[in-house]
Structures are given as structure tokens and as C-alpha cells.
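Student: This structure is in C-alpha cells; I'll ask about it shortly.
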Amino acid sequence: MSNEQVKSPTQTPRRGFLKTAAATAGAAIAAPTIIPSSALGLDGAVAPSERVVVGGIGIGRRGGYDLSCFLPQKDVQFVAVCDVKQKRRGEVKKIVDDHYGNQKCATYRDFRDLLDRSDIDAVLIATGPNWHSTAAMTAAKAGKDMYCEKPVTKNIAQSLILAETMRRTGRVFQAGTQRRNLPHFAFACELARTGKLGKLTKVYAHPMGMKALMSGWLGPEPEPDPEVVDWDMYLGPAAWRPFNKKLLDGFNFEKGGGFVGAFSGGGVLEWGSHCVDLCQWAVDDCPPPVQYDPPKDGELVARYENGTELIFREKGWIPLGSCPVRFEGETGWVEAGDSGKMVLSSPELLAGREVAEIGGYPATFHVRDFLDCVKTRRQPKGNADAACNAHIACHAANIALYLDRQVNYDNSTHEFINDEQANRMRSEALREPWRL
Amino acid sequence: MHTTRPCLRTFTLFIASIATLAILSVAAVPISAAETEAELLAVLRSDAPGGEKAIVCKKLAIHGSNSAVPELAKLLSDPKLSSWARIALEVIPGDDADEALRLATQTLDGRLLVGTINSIGVRQDAGAVEILAARLQDNDPDVASAAAVALGRIGNDAATQLLQQALQIASGDVRNAVAEGYLLCAERLHGDDKSGAATEIYDEIREAELPMQRIVEATRGAILSRNEDGIALLMETFRSDDKKLFQLALGTAREFPGGEVDQALAEELTRATPQRAALIVQAMADRTDTVVLDAVLQAAQTGDKQVRGSAIDALKRVGDISVLSPLLTIALDQDAELAQAAKDTLAELPGEGVDAKIVAMLPDARGDSYPLLIDLVGSRRIDAVPDLVRALDHSDPAVRGAALIALGETVSLEKLSLLIEQVVAPKRAEDAAIARQALKSASVRMPDREACAAELASAIGRAPATTKTVLLEILSDVGGTTALQTLATSAKSSDPELQDTASRLLGKWNNLDAAPVLLDLSTTAPAEKYQVRALRGYIGLARKFSMPERNRAEMCKQALEVASRTDEQKLVLEVLKLHPSVAGLKLAIVAQAIPAIKADATAAAADIAQQLRKKGVDVSRLMPGA
């Protein structure tokens, strides 16, 4: 029997959030668990009361990979999936049901109905980037913790509000920046953060292209039955445009700034949300750079308050796989990439340590970090503040790229200094009825 | 983890800056931009398709001035273009845009009205408070909810008062939205150093009938806005029966400012149930600057096992030399899990002087303490080679074994010979296996692998027969030119065992540097079986590694030239099929001249040609008629 719980479009809005949420208020507390592996569900069977009950929102290609990291965790009970596409709802339900050997994974078309479920502790958000921050903030306000794929935000304002919302709501947020939990990247960042390279002078990120990912407005095609593809929910907070199936692939839809023009932003965010994030970690997660030059010879140079340069490189570079980073200090340097390898200016930097070279994956460590933090309420490695700072750096770079001139950012006011055009590009209205 | 947080007032400042820009509006836009604006507005006034007008709206968001507002305002009632128009109207500075949005609320309804109200909220238009007050009473709960949140975004006295009143009478989803808006007002007050007023709001919401998440948010605010007086409420929250509130306390404890709360947490630790105490001690340890270390240590030493385990783990972050001795005691506890937890923490224990203290304890260590301390020398990478060497003569095999492993973790290249000698000429046969393991650990971490390989290679000559192969295995793990050449020489030696081991290791060599060595051995190795092994290794390199296809084809060609058996010839064809290229196709065609594999080569050529055609490569000249 199907557990499909999709509302028809003619139904009144969602059922009363107030009622269902209030119902949890008097629930007796389940026994929490602690850090040691046995209590975190890493060993043996985990009592139902100690499991993290998870629902998935928008589980596609990337989300499917994330799901494959969640499902084997013994303390996870994946109970529901939401998607605007009927086909994918069914596919993901089958994966989950096959894993548990039952038919219990519920399906939803409207993620707010999934969020209404008081039994769900956390959500995996792997929609297209257009939805990420809006869905994340809606989930936070519904009392859910979340693992949210990147790019997390579409602009500077969203980045700031995301961090503020997670703080205000007390939720655990993990951006899908899994490299923060990979040993070789962590080691490289540690060298930079702890002064082993001397005073940092330059950190390099490789966004792999900085061109437009703005979908615009393609020719209209007949809109499918919302039961099959709910186009209105797919668009969500994005400005309206007619249905076109080419846009159903998140990669063809808006990413990042979505600015208009030959040098539109977006590309910076796709990979920058990883490699710039690592650079931010290398500079000890300080506020983002304050000055951004326009790109020149394939490089966009930004400067932190202390003079350290963050260099976005568009082409070429080191043979260490995708997402390469390089951190240069006055006495040494280190490079790392998705191959799992590191190159160091001196082997002495290893200080006799061996660092596991496990490549850019798996993301399991990152998922595990998230689940542990759901239980302990610590801040995970890809927390909202860290994600906010890294995304602001990318968005500000996008703006310099679009305006093709230097922009200067004030981290205390979150304004570009004496720059109205840049300031206007810090935010973008959401389509009705969505708000942050 | 330290992360610089955007300040609490971030949102307020961000929004306020849009209003500030009003002063700059027209003058700040360059003349060229103004010209652009005129062209853009012409598009909006025309019959251009919606898609063009949409993009114009995006451009006006950057270049539009007050002149653009009337044209944009006309689109607010258009379901397709309203959201595009608001992209511009939300950021164009000045009263005109505010007024246009306010005016639109008089005629719009449903979603379009909700969107317009949302934009008013984003702009924090204080002049719209009266309009929003009316909309708070709207029959459409979505409209009323939007108005409530917009009032919260505005957050001035009037808006705050309206939300306070609304909280008394609103119901359902609207009530939830009113609480959200009201909380935003409180956040703003807190950020503006009006903590007392903020606390009143938080308390009001805490007492109201609302979804638990709103209660959670209000409780956090109520704790933090009270400053040090909030400690009591924090502790009360720790004792809540509700899981969400307990979790909130765990998070809020970590962000609570000052040092007074730490003592309260230490006391709470002793009162809480074991399950909760285990989590509280983790929160305590995240307050690294002010944690009451004695309380964490005490929890690590006695009491419930779950709490002890968590506290021992927490000491990784906040422990120092003062907890070294207690942890050493726990590390020898009969409970294996706790003992291991203590060892894990000892391996990472921060603090100056820890390493020196461990070394200082070595001479007087007795019983189980001795190997434990030696283990720590290894896991903490402490340079204490003389002490470890002394331990190698100890009567207890556990001590000797620990010393060997620690040497493997710490010895430098200059002292590598110490371990080599333990392998080549072990004093006790029972230590040989551990010595080999230690030598391997040390060798693979040496920064200068060529120098390391040279040391190992030079030892082969004086090593007994059985140990020679061990050294070859380690050389294989080290890698590099010296190791490769040593293996090549050994493969051609007169010792059958060395021939066997060396050719096997070369066959598994994991980079292309081995290619010429293997090709050479495929004809010069002392026995045919080793020649075959070398050739197969060579073909394996051609199959496994990324390289220009021309180079791969050349390797395959060389392999075919030396291969005397059809098995290896067929392996070459498999490589060509796996990496289809024009050069490979040519070679497969040439291979058709080898009678024993003619049919296989013909099939391989067809396969390669088909794969190339799929990639759009014209192979008609090479495969006429195919």
C-alpha cells in the first residue's frame, strides 16, 4: 500500500502547524546520548528513542549520494521524502524502503507538510540551490535541524539572515561542505590556522569557472499536472517564469547571484562554496575579505582586513584533483585537492604525522559530524556562521565580477562602502508567498 | 571551533542600509547608468515579451532610480511579473518605492498582496505600520501572517505594540506568525541594548500558547537578555522535561557570555541524570576559556560510566598537565572502554609541559605504567629515542614491543638504523615481527624517501636471507627511484627468493616509473615465469594509468613485440579496447598479422572503431568498408 501523502493543489493550505507543533510540547524527553561511539549509534543497535528521525527534501543526484551516507548510520531513521517531482518521490521512497525492508517511507509534495511532522528531528535539504536557504530557514522555524547542500544562499542578505535565523532558533545547521570533515583538507587548514606556515599571505581557491548560471526565461512549454511536477513549488522563491523542462535540472537553474549579463555570477558559488569555504577555514573563519578586485588574467583577488589575499583562480593549476586550495605563509605553503593528496613546501610540516589520503569523499564523516551535533548541540564543522562568511566572500566576488570593478565591503555594517550599485546586489526579493 | 559570527544586529543593519541609500539614490548612479535606465524603461512600456521585461527588472534592480518606480509598480498586479518587479522595487532607495508598495496593498489580494507585504517588511518601511496593522486583521491568514512578520522586521515601538496586542487575540497560523514577528522585535531590542524590554517580550511569548519552537526561541532570548541573571533560567531549562528545551539549554550554555555560568554548569552536572550529564559536560568543555576543569575531571574519574566516558573525551579539549596523572590512572582501569577513552585523550591532551612530564616519568615507570607511557611517546610523537632504546632491553616483551612501535612513530632518518638493526639482527626472535612493523611505519613516513630507501637498500647485503625479502617489501612501500632500482637489481639476482619477491613487488608497482624496468625484465629476468610476471605488470600499467593515448599505444606496441604467449597478447588487446584511440586502432589492425590472435585483434579493431565512431571520430580511412 502506498504511503503517498501528497496534497492536491485544490486543498487548503497546509494543516495547522500550530496544533501539531504544540503537541510535542508535553512529550517526555527521550534519553539523550553522549559523545562516545557506543552512545552515538556507531556501535550495535540503537534504541528507537535515541535515533535521529530524518526526512529528505528534494533528493536528486547529489541528494541521493547524501542519502547513501545517512542510511547506513545506525542511529538514523529516515522516514519521509518530499519532492515536487512524482517520479523522484517514488524513486527515493524505494531506496529508503529497500534499505529498511518495509514500505514506511512517507512521501510529500509540499515540504511544509513534512516539516509539520513532530516526529521528524532533522531534514536533509538537497533541492536545487534556488530553494536551499528558504527551505533551510523554514525548517529552522519549524524546529528542525538540517543538513543543507551548497551553495546555501543566493546572495549576501540570505547568508546573513541564515546565520541569524539558525542562531535565533537554536537549530543545528550543517552546510554540505563535506571537505571540512576530510582529514587532508583539515590538516592543510590546520597548518594555516595554527601558524605553521608563518603569517598567511595568500590563500587560493579554484572555483572552476566564474561565468553565468542564471537560467533566465526559456520558452514556455505545456505545464505538467502538479501531481507529476509541481512547477509552482519547483520555482518556489525564484521569480516566476514559464514551465520549461530544461529547467527541471537544478544545474540549469539559478545558482548564486543569478545576475544578468555576460559576466553573471553563479559559477563562483558552485565550487566556491567549497574551496572558498576551505580558505575561510584556513584564515580561522575570520570575517570575509573587505576588498575585491575585478578579475584579471583569470584571477580575482580579494583582501582580508589583515592584508591576506584570497585569490579566486579560474583556470589551470595544481594536479591535485577538483577543488584544489593552496595556502601560502611567510615560511611555507601547502596545497590540497580532491585527489586526497597534499603537497607541502617542506616535509617537516608533517611533523612525523601521517594524514589519511582518502580523496574528496566520502561525505559520511560530514554526515556523522552533523548527527553527533544534533545530539550534543555542538556547532558542526559546516555551521551556519562559517557558511555565511564563505558565501559572502563568494557573493562579493560575484558582485566585483559583475560590476567589473573593485568593491569594498564593511563587515561591521555589511555594506559595500559608498557603492550603491553593489549594495543593491546584496539581496533579491523572493517570489510570493515566500519570505525568509 | 572558532567561527567569527556576523553580529546579532546583522539583519537590522543590512535593512537599514537600504533606507540610508535613499539619500544617495540618483546622484550615485552614473550618467551612463541613467541612460541605460531610459532604455530599460522603454522596454517595460513596450509590448515586449514577458521574458524581456523580467530581465529588465533585474537590471533596474541595479540601475533603476525613482524614475523606474511607476513602471515597476504597474507590474505588481501581474502574476507573472510581480516577483520580478519586486526584485527592483525592494532595493531601489527612496520614498517612491515605499509609497508604490504601500499603494499596491490597497488593490492587491492573495499571494500578490503577500509578496508586496513581504517586500515592505524587507524595506522596513516604518511608514507602512498602519497599513500592516489593518492587514493583521485580514481574513486571509497568509496575508495577516505576512503583515505580522513584516511588522516584526520593522520592529519600531508602534509595530512592537501592535504585535503585542495581536498576540492576545490571534489564533492558528497567524498567531504563530505574530509570535515570530514579536520575537524579531525582541531580538532588535536586545541588539540595541534594551535588554529589559526584550526580556519582557521573551517572557510573554514563553508564557503564551504557541508552537514549541517559538517557546524555544523565546527561552533562548529570555536567558541571554537577562545577562548573568539568566543563569537561573538556563539551569531551569536544563531541568525541563521537554527534550527541545533541554537541547536549547545545551546550545545556549555554549553561547552564554562571561564566566559565572561555568560554576553553575558544574553544579548542574552533579544534579543531572547520567544521560543528561553526559551531554552537559560536553557543553562545559566547549567553553574552553572559562570551564571549571576540576568538575570535568571529577566527572571523568568517578560516577556513571556514560558520564565518565563523555568527560574523558571532553578533556581532549580543555585538559592540561594537571589532568595527566588522573588520566594515566584511568588508562589502566579495568574497564577497557574507559581505559581506551583515556588513552585516546592522553594522545591529544593539550597543554605545555605534558610531553616533558611524560618523558620525565619514564625512568621510574613500573608495571603497566611503563608500556602505557611508551605508547604515549609514540602516539604524541615525542622525541625520546634514548629512553625508547633503553626500553628495548627490558625483560617484559610488552615494554619492548611498545618501545619498537614508538620508535616506528618517532625515529628520524638519522636514527633509522636503530630499527633496521632490530630487523636485521633482532636480539630476541619474538620481537622480530613488531620490529618489522615499526620499521615499515618509520620508513613510509620519512620525508626524504630516497635517503630512506638508500638506508634500507644498503642493509639488504648484510641481512639474512629471510630478512632480505622483508626489506624489499618495505622498500616497495617507500617507493621512489632508489627503491625501484633496488628491486630491479634484486629481480635479476641469483637468489631465487629475491627474484620472486622483487618481480612480484615490481608487478604491483603503482606508478609509471616502473614501466621501463618491467619491460626490461620481461626479456631479461632469470626465469620465464618472472618474465611473464614483469610483462603482465607492464601491461597492467598501460591499463591502469592516465596518459596520452599515443603513449599508451606505444606501451602496448612494445608489449606486443616482446610477448611470446597469446595470453599476454590478448591482454594488450583488452587494454586497447578499454582505452579506444586512433593510435590503438592502428595497433589492433597491425596485430591482425599475428596468426594466433588474428580473430581477437580483428574483433578488437571493430570494437575500438565502433567506440571511436560514437565519439564522432572518422575511422573510415583505417577501417574501409566497416
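Each value in this text was obtained by applying a stated rule to the coordinates, not by laboratory testing. Values in this document were obtained by computation on a predicted structure and should not be read as measured data. In this analysis, Cβ positions are derived from the backbone assuming ideal geometry, glycine residues included, and neighbour counts consider all displayed protein chains.
Student: Using only Cα atoms, tell me the angle between helix B:195-207 and the longest principal axis of chain B; keep it within 0 to 90° and round to the nearest 10.
Tutor: The helix B:195-207 is inclined about 90 degrees to chain B.
Student: Once R0 is set to 30 Å, what does the formula 1/(1 + (r/R0)^6) return for the Cβ-Cβ distance between residue B:192 and residue B:74, expressed as a FRET efficiency to the nearest 0.05?
Tutor: Calculated transfer efficiency: 0.20.
Student: What number results when the radius of gyration of the stretch B:546-626, computed over Cα atoms, is divided by 2.2 N^0.38 Å?
Tutor: Taking the Cα Rg and dividing by 2.2 N^0.38 Å, one obtains 1.00.
Student: In nm, what is the difference between 0.36 nm times the number of residues separating residue B:396 and residue B:592 and their Cα-Cα distance?
Tutor: 63.8 nm
Student: Modelling each spin label as a point 7 Å along the Cα-to-Cβ direction, I'd like the residue B:139/residue B:255 distance in nm, to one decimal.
Tutor: In this crude spin-label approximation the distance works out to 4.1 nm.
Student: Still on this structure, please answer the following. What ranking of A:392, A:311, A:161 emerges when the number of other C-beta atoms within 10 Å of each C-beta is taken as an exposure proxy, fewest first?
Tutor: The order, fewest Cβ neighbours first, is A:311, A:161, A:392.
Student: With the Cα gyration tensor of the stretch B:195-297 in hand, give its eigenvalues times 5 under a square root as the equivalent ellipsoid semi-axes, listed largest first in whole angstrom.
Tutor: That gives 24, 16, 9 Å for the three semi-axes.
Student: Which three numbers, in whole Å and largest first, are the semi-axes of the equivalent ellipsoid of the protein assembly as shown derived from its Cα gyration tensor as √(5λ)?
Tutor: After diagonalising the Cα gyration tensor, the semi-axes are 56, 40, 26 Å.
Student: I would also like to ask the following. At R0 = 45 Å, how high is the FRET efficiency between residue B:47 and residue A:303 if r is their beta carbon distance? Nearest 0.05 is fine.
Tutor: 0.40
Student: Given labels modelled 7 Å from the Cα in the Cβ direction, how far is it in nm from residue B:389 to residue B:99?
Tutor: 9.1 nm
Student: Quick one: what does P(r) look like for chain B with 20 Å bins over all Cα pairs, in whole %?
Tutor: Going out from 0 Å in 20 Å bins, chain B shows 15, 23, 23, 31, 8 percent.
Student: I need the per residue convex hull volume for the stretch B:364-521, using only the alpha carbons, in cubic angstrom as a whole number.
Tutor: 103 Å³
Student: More than 19 Å apart: what percent of Cα pairs in the stretch A:33-178 qualify?
Tutor: Value for the stretch A:33-178 (Cα pairs over 19 Å): 50 percent.
Student: Now, a different point. How would B:41, B:248 line up from fewest to most surrounding beta-carbon atoms within 10 angstrom?
Tutor: So the ranking, lowest neighbour count to highest, is B:41, B:248.
Student: Taking a label point 7 Å from the Cα of residue B:289 along the Cα→Cβ vector, which residues of the stretch B:231-260 have an amide N closer than 13 Å to it?
Tutor: Of the residues in the stretch B:231-260, B:255-260 have backbone N under 13 Å from the label point off residue B:289.
Student: What lysines could a cross-link reach from residue B:570, if we take a straight Cα to Cα line under 28 Å and drop same-chain neighbours fewer than 8 places away?
Tutor: Within the straight-line limit of under 28 Å, residue B:570 reaches these lysines: B:492, B:508, B:529, B:544, B:557, B:586, B:598, B:614, B:615.
Student: I would also like to ask the following. Once you keep just the Cα pairs under 8 angstrom separated by 6 or more residues, what percentage relative contact order results for the stretch B:353-447?
Tutor: 24 percent
Student: Size of the dipole of the protein assembly as shown about the Cα centre, Lys and Arg at +1 and Asp and Glu at -1 on the beta carbon, nothing else charged, in debye to 20?
Tutor: The calculated dipole for the protein assembly as shown is roughly 3060 debye.
Student: Loop only by DSSP, 15 or fewer other Cβ within 10 Å of the Cβ. Give me the GluC sites (Glu not before Pro) in the stretch A:351-436 that pass, ordered by residue number.
Tutor: A:354, A:357
Student: Per residue of B:298-310, how many C-beta atoms from partner chains lie within 10 Å of its own C-beta, taken as a mean?
Tutor: What the average comes to for B:298-310 is 2.
Student: Then there is this: How high is the relative contact order of the stretch B:546-626, given as a whole-number percent (alpha carbon pairs under 8 Å, six or more residues apart)?
Tutor: 26 percent
Student: Run the reach check for residue A:296 against lysines, Cα to Cα strictly under 22 Å, same-chain hits fewer than 8 apart removed. What comes back?
Tutor: Counting by Cα, and skipping residues close in sequence, residue A:296 has these lysines nearby: A:202, A:211, A:315.
Student: Using r as the Cβ-Cβ distance of residue B:485 and residue B:208, and R0 as 60 Å, what FRET efficiency do you calculate, to the nearest 0.05?
Tutor: My answer for the efficiency is 0.15.
Student: Can you put A:308, B:602, B:467 in order of Cβ neighbours within 10 angstrom, beginning with the fewest?
Tutor: With the sparsest Cβ surroundings first, the list reads B:602, B:467, A:308.
Student: Same structure, new question: For the Cα atoms of chain B, what angle does the longest principal axis make with the long axis of helix B:95-104, in degrees from 0 to 90, nearest 10?
Tutor: Result, in degrees: 80.
Student: Using only Cα atoms, figure out Rg for the stretch B:353-447 and give it as a multiple of 2.2 N^0.38 Å.
Tutor: Normalised by 2.2 N^0.38 Å, the Cα Rg of the stretch B:353-447 equals 0.98.
Student: For the protein assembly as shown, build the charge dipole from Cβ charges (+1 Lys, Arg; -1 Asp, Glu) around the Cα centre, then report which of A:80, A:363, B:541 sits farthest towards its positive end.
Tutor: Farthest towards the positive end: B:541.
Student: Projected onto the charge dipole of the protein assembly as shown (+1 at Lys/Arg Cβ, -1 at Asp/Glu Cβ, origin at the Cα centre), which of A:408, B:410, B:580 gives the Cα projection farthest towards the positive end?
Tutor: Comparing the listed Cα positions along the dipole, B:580 ranks first.
Student: Still on this structure, I have one more. What size of dipole, in debye to the nearest 20, comes out for the stretch B:317-467 about its Cα centre when the only charges are +1 on Lys and Arg C-beta atoms and -1 on Asp and Glu C-beta atoms?
Tutor: Computed charge dipole of the stretch B:317-467: roughly 460 debye.
Student: Please compute, over every Cα-Cα pair in the stretch A:151-236, the percentage with a separation greater than 18 angstrom.
Tutor: 72 percent
Student: Cα-based count: Lys pairs in the stretch A:33-178 below 16 Å, eight or more positions apart or different chains?
Tutor: Close lysine pairs found across the stretch A:33-178: 4.
Student: What are the semi-axes of the equivalent ellipsoid of the stretch B:265-415, taken as the square roots of 5 times the eigenvalues of the Cα gyration tensor, listed largest first and rounded to whole Å?
Tutor: Output for the stretch B:265-415: semi-axes of 32, 15, 11 Å.
Student: Could I ask something else about it? Report the label-to-label distance for residue A:221 and residue A:246 in nanometres (one decimal), using points 7 Å from each Cα along the Cα→Cβ vector.
Tutor: 1.0 nm
Student: Identify the residues of the stretch B:323-343 with backbone N under 17 Å of a label point that sits 7 angstrom from the Cα of residue B:357 along the Cα-to-Cβ direction, or state none.
Tutor: Residues B:323-332, B:342-343 qualify, since their backbone N sits under 17 Å from the label point.
Student: Taking the dipole about the Cα centre of the protein assembly as shown, with the C-beta of Lys and Arg at +1 and of Asp and Glu at -1, give me whichever of B:259, B:314, A:208 is farthest to the positive side.
Tutor: Farthest towards the positive pole: A:208.
Student: Enter the angle in degrees (range 0 to 90, nearest 10) between the Cα long axis of helix B:582-591 and the first principal axis of the Cα atoms of chain B, meaning the one along which they spread out most.
Tutor: 30 degrees
Student: Next question. For the stretch B:512-536 and the stretch B:35-51, compute the distance between their C-alpha centroids and round to whole Å.
Tutor: 74 Å
Student: Just want to confirm a number: the relative contact order over the stretch B:268-347, from Cα pairs under 8 angstrom separated by 6+ residues, in percent.
Tutor: 26 percent
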